[in-house]
1. Cβ-Cβ under 6 Å, sequence separation 6+ or interchain: first residue in region 29-43 and under 13 Å from residue 76 (Cβ atoms), partner modelled with pLDDT of 95 or more and among the polar types (S, T, N, Q). Which pairs?
2. Which of the residues that make up region 1-50 are in a helix (DSSP H, G or I), near the ligand (Cβ under 10 Å from one of its atoms) and within 18 Å of residue 96 (Cβ to Cβ)?
3. Would you mind telling me which numbered condition in (1) of a type in the set (A, V, I, L, M); (2) in a helix (DSSP H, G or I); (3) touching a Gly at 6+ places or on another chain (Cβ under 8 Å) residue 104 fails?
4. Just to be sure I understand the filter: pairs with C-beta atoms under 7 Å, separated by 6 or more residues or on different chains, first member in region 44-66 and in contact (Cβ under 8 Å) with a residue 24 or more places away in the chain and within 13 Å of residue 10 (Cα to Cα), second member surrounded by 13 or more Cβ atoms within 10 Å (Cβ to Cβ) and among the polar types (S, T, N, Q). Which pairs pass?
5. Being over 13 Å from the mean Cα position of the chain (by Cα) and among the charged types (D, E, K, R) is the filter; apply it to region 92-118 and report the residue that is surrounded by the fewest Cβ atoms within 10 Å (Cβ to Cβ).
6. State all residues of region 50-91 that are of a type outside the set (Gly, Ala, Ser), farther than 13 Å from residue 39 by Cβ and under 16 Å from the mean Cα position of the chain (by Cα); if no residue qualifies, say none.
Amino acid sequence: MSSSSHRFGTAVNCMDGRAVDATSQFVRTMYDLHFVDQITEPGMDGQLLSIDDSAREALKRKLSISIVHHGSRHVAVVGHSDCAGHPVTDEVHCDAVTGNCHVIRSIVEEIDPTLEVTIIPLFVHPSDDGSWVAEPVDKS
Ligand SMILES: [Zn+2]
């Protein structure tokens with residue numbers, strides 16, 4: 001199968017494997033996708049709060065590959081608890097993710113304003129049984 005016959009999603013995520021795995025599982029299941037491209041930095045949700053022009057261009061290039069070349073129409077924006085790269089409370093992570101969605105939306109619109117791309121704010125945290133799960137952040 002070529003990439004065009006697979007359905008891709010995208011995650012703008014921390015590099016933390018707990019967040020990467022939980023996000024991939026959630027997004028694949030929720031949107032019936034085969035693969036989730038992961039664009040990662042340590043503490044990505046914190047970095048996006050004050051992203052500079054060169055980092056923004058690098059992120060735009062990565063998003064473009066996922067959206068244009070892989071055909072992704074679902075972009076998860078992720079923060080997670082116990083983050084070494086952005087060590088703040090869970091509540092602050094959720095606020096960051098909500099703000100990050102506006103940044104990602106504006107970059108996606110620069111890539112191609114005609115595409116209908118869903119931006120999905122997620123927070124990853126340990127569940128009662130100790131496994132790590134992704135959960136949508138309430139935007140209200
Ligand atoms: Zn992290």
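The values are calculated or read from the model by the stated rules, or taken from the named source; none is laboratory data. Keep in mind it's a predicted model, so treat the numbers as computed, not measured. Quick reminder, even Gly has a Cβ in these numbers, built from the backbone with ideal geometry, and neighbours come from all protein chains shown.
1. Going by the 6 Å Cβ cut-off, the qualifying pairs are 36/24; 37/10; 37/66; 38/13; 40/13.
2. Scanning region 1-50 gives 18, 19, 20, 44, 45, 46.
3. Unmet condition: (3).
4. 63/10; 66/10; 66/72
5. Among those residues, the one meeting the criterion is 116.
6. Within region 50-91, 73, 74, 80, 83, 86 meet the criteria.
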